[in-house]
Amino acid sequence: MKLTDYLSDRIVPIVCFVIAEGLLFGLLWLIEVPSVFIAFAEIIFLLFFSASFIWDFHRRSSYYNRLLRLLEQLDEKTLLMEIAERPTFLDAQIISDILRQNTKYQNDKIAEMQGQSRDYRDFLDTWVHEIKTPITSARLIVENEKNPTTLKIDDELRKIDAFVELVLYYARSSDVEKDFKVEKTTLKALVSASLKTYSKPIIQASGRIQMEGLDISVCADCKSCAFVIGQIISNAIKYRQDNFCLTFTSDTEKNRVLLKIHDNGIGIDTADLSRVFDKGFTGENGRRFPKSTGIGLYLCKKLCGKMNMDISISSEKGNGTTVTLYFPTESFLKGAGV
């Protein structure tokens, strides 16, 4: 609280005091009180009035400054009024009581919504695991009864399975780190696991795979990384051109290992590049390919953030796209206490 703000708020009592001082001076002057006594009385009134203002300003500014510091320190801002000290002046006490009641109501509603969200995520988790059983069974039936029709059915089952996996990660995206299992692996192992999942659509697209220098160790959650790389591969297949080719290379920089995934597809408009990680954004390519959801790269960005990783994308229209994943080194993770 600034002194100028406080005085501005107290302008009415200040004006009243000045008027009262003037009236007192005029009254004492009319009854011919000696000037020295008039001055003495005026000074006494001024001192007491100023002292009361200084005391009131000090207690208010001290309380509000402590409150602001406490607010800055809190991660859960809604807990402010529950742990803040009770003020010593009446108007702040009234406001504090109102805010405490309001905070309690808000916290109760937040707890209720969090409970509903947990129930929803639990339901989706259960649904995803249950739906995978008939999908797996159907694919086994297709495997045993191969013909042109069942092979087409298998393609559709694979798409359903991919969307189910997308639903699972979307539902878990707010607290997916609870399921993380960071372990030592290699870039080659992560890429190979993702390629295995998308081997059939890559073969159907007559795609070529090139891998260079991927025998580099990294620490990561293999399952989540496989999902992220899989989404990038899926996009490369979806937005491919003739002579489809995927290239996986590596690089290193301070405290980070880089996995670069390059395709020779249709590329991304320069105007869309800054928004490709936004939720639901599909851009120019989304208008050309109506099945685009704008969720895949959004989830990739979110998962990478949860795993202390980073992701970037560069592209030129008609000349393919390069997605770079930045893995923290093992020494960096140990230093960060991860």
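Put simply, the amide H of residue 316, placed in the peptide plane, has neighbours under 5 Å in 268, leaving out anything fewer than 5 places away on its chain. Once the Cα atoms are used to define both axes, helix 296-306 deviates from the longest principal axis of the chain by about 60 degrees. In this structure the amide hydrogen of residue 329, modeled in the peptide plane, comes within under 5 Å of the amide hydrogens of 256, 257, none closer than 5 places in sequence on its chain. The HN-Hα couplings worked out from phi for the range 251-256 by the Karplus form 6.51 cos²θ - 1.76 cosθ + 1.60 (θ = phi - 60°) are 7, 9, 8, 4, 6, 9 Hz, whole numbers, x standing for Gly and Pro. For the range 117-172, the convex hull spanned by the alpha carbon atoms encloses 52 Å³ per residue. Principal semi-axes of the equivalent ellipsoid, √(5λ) from the alpha carbon gyration tensor of the range 1-122, are 51, 13, 10 Å from largest down.
Could you identify which residue out of 256, 86, 139 has the top mean-square fluctuation in a GNM of the chain using Cα springs shorter than 10 Å? Between 256, 86, 139, it is 86 that shows the largest mean-square fluctuation.
For the range 100-247, the antiparallel share of DSSP beta bridges with both residues in that region comes to about 60%.
In the elastic network of the chain, a GNM with C-alpha springs shorter than 10 Å, the most mobile of 27, 67, 187 is 27.
Pairs with C-alpha atoms separated by more than 19 Å, drawn from the list 200/238; 279/301; 181/223; 279/306; 181/302; 188/279, are 188/279.
At 222 nm, what value in deg cm²/dmol follows for the chain if DSSP H runs of at least 4 each add -39500 (n - 2.57) and the sum is divided by all its residues, to the nearest 500?
-20500 deg cm²/dmol
Can you tell which of 167, 142, 12 shows the greatest fluctuation in a Gaussian network model of the chain with Cα springs below 10 Å? Result: 12 has the largest fluctuation of those listed. In whole percents, the pair-distance distribution calculated for the range 207-298 from its alpha-carbon pairs, binned every 10 Å from zero, is 14, 43, 34, 9, 0. Over the range 85-240, the ratio between the Cα radius of gyration and 2.2 N^0.38 Å evaluates to 1.61. If R0 is taken as 45 Å, the Cβ-Cβ distance between residue 174 and residue 94 corresponds to a FRET efficiency of 0.75.
Note that the range 220-270 shows a convex hull volume over its alpha carbon atoms of 100 Å³ per residue.
By the Cα gyration tensor, the chain has an equivalent ellipsoid whose semi-axes, rounded to whole angstrom, run 69, 23, 20 from largest to smallest.
Note on residue 223 and residue 260: with the Förster distance fixed at 22 Å, the Cβ-Cβ geometry gives a FRET efficiency of about 0.55. All C-alpha to C-alpha distances of the range 181-335, sorted into 10 Å bins beginning at zero, yield P(r) values of 11, 43, 35, 10, 1 percent in whole numbers.
None of the figures in this text is laboratory data; all of them are computed from the coordinates on show. Keep in mind that what you see is a predicted model, and the values were worked out from it rather than measured. Neighbour counts run over all protein chains shown; Cβ positions are idealised from the backbone, glycine included.
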